[in-house]
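> Below: one structure in structure tokens.
The values are calculated or read from the model by the stated rules, or taken from the named source; none is laboratory data. What you see is a predicted model, and the numbers here were worked out from it, not measured in a lab. In this analysis, Cβ positions are derived from the backbone assuming ideal geometry, glycine residues included, and neighbour counts consider all displayed protein chains. What goes into the accessible areas is simple: the full protein's heavy atoms, side chains included, and nothing from ligands, DNA or RNA. Shrake-Rupley method; radii C 1.70, N 1.55, O 1.52, S 1.80 Å.
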Amino acid sequence: MEARQIENWAFARSDAAVLVGMTSGQIGNYLTRYDLFPARPKGKGYHVDFKLADLLKLSAVKAAMKNGGLSAEEAAKALRRSRGPYHAMLTDGYGPDQVPLFNYPGTLFFSRNDDGEYVQFDSADALVSIQIRCWPLFDELWPRVRAQIEREGASDKPPYPGNVTEGIAAFETHIADLRALRWNGQRG
């Protein structure tokens, strides 16, 4: 099993709720009422699953509400147009040539625009009201995600082919290498 399969492992809504510490109803609100995932088809008959990037986005919503004082609607609206925490983890920090790409690796910056809505900025050059550190969100979420993947992978009919233990090891190696690259060899 490849690391990419772990990254794209699909979780049901009820499992996603447990993993991020929400109720299934709250996640339903983020799907429909707050439209946190605008590209997803909505309505009756559509299967809803959540991948790691989606789980991190839900975790970021919780962080924006808890640490930034945003309402559920404000947090969802800000993150709806955001590139998301997983993308920030993958791209922010030091690049392959060890050239700084951003000052704060894996951080989403939000500030108010002229309309008073929170929007994402690409750097701290603007007056920043809220910063969401993505690596700590991942570090908190990953052990629960890993345990769920191990449970599902050990079932009689695993959802994905291949050795789950090898896939998890490959994914964790990938994340450790990425973290070292993004933090210029330092742990974040």
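> In the list Leu70, Leu108, Leu79, Leu127, which residue meets the criterion of being surrounded by fewer than 15 Cβ atoms within 10 Å (Cβ to Cβ) and either at pLDDT 80 or above or touching a strand residue (DSSP E or B) at 6+ places or on another chain (Cβ under 6 Å) (or both)?
On the way: Leu70 fails: surrounded by fewer than 15 Cβ atoms within 10 Å (Cβ to Cβ); Leu108 fails: surrounded by fewer than 15 Cβ atoms within 10 Å (Cβ to Cβ); Leu79 fails: surrounded by fewer than 15 Cβ atoms within 10 Å (Cβ to Cβ).
Exactly one of Leu70, Leu108, Leu79, Leu127 is surrounded by fewer than 15 Cβ atoms within 10 Å (Cβ to Cβ) and either at pLDDT 80 or above or touching a strand residue (DSSP E or B) at 6+ places or on another chain (Cβ under 6 Å) (or both), namely Leu127.
> Follow-up question, since we're still on this one. Out of the residues in the stretch 131-188 meeting the condition of being part of a helix (DSSP H, G or I) and small (Gly, Ala, Ser), tell me which one is surrounded by the most Cβ atoms within 10 Å (Cβ to Cβ).
That would be Gly167.
> Condition test on Ser24, is it polar (S, T, N, Q), in contact (Cβ under 8 Å) with a residue 60 or more places away in the chain and open to solvent by less than 70 Å² (accessible area, probe 1.4 Å)? Reasoning before the result, please.
On the way: polar (S, T, N, Q): yes; in contact (Cβ under 8 Å) with a residue 60 or more places away in the chain: no; open to solvent by less than 70 Å² (accessible area, probe 1.4 Å): yes.
So Ser24 does not fit the description; no.
> Which one is farthest from Ala72 (Cα to Cα), of the residues in the stretch 31-48 that are more than 14 Å from the chain's Cα centre (by Cα) and open to solvent by less than 40 Å² (accessible area, probe 1.4 Å)?
Among those residues, the one meeting the criterion is Val48.
> Test Ala53 against the criterion of being of a type in the set (Gly, Ala, Ser), modelled with pLDDT of 90 or more, open to solvent by less than 40 Å² (accessible area, probe 1.4 Å) and in contact with a Phe, Trp or Tyr (Cβ under 6 Å, 6 or more places away or on another chain), and give yes or no.
no
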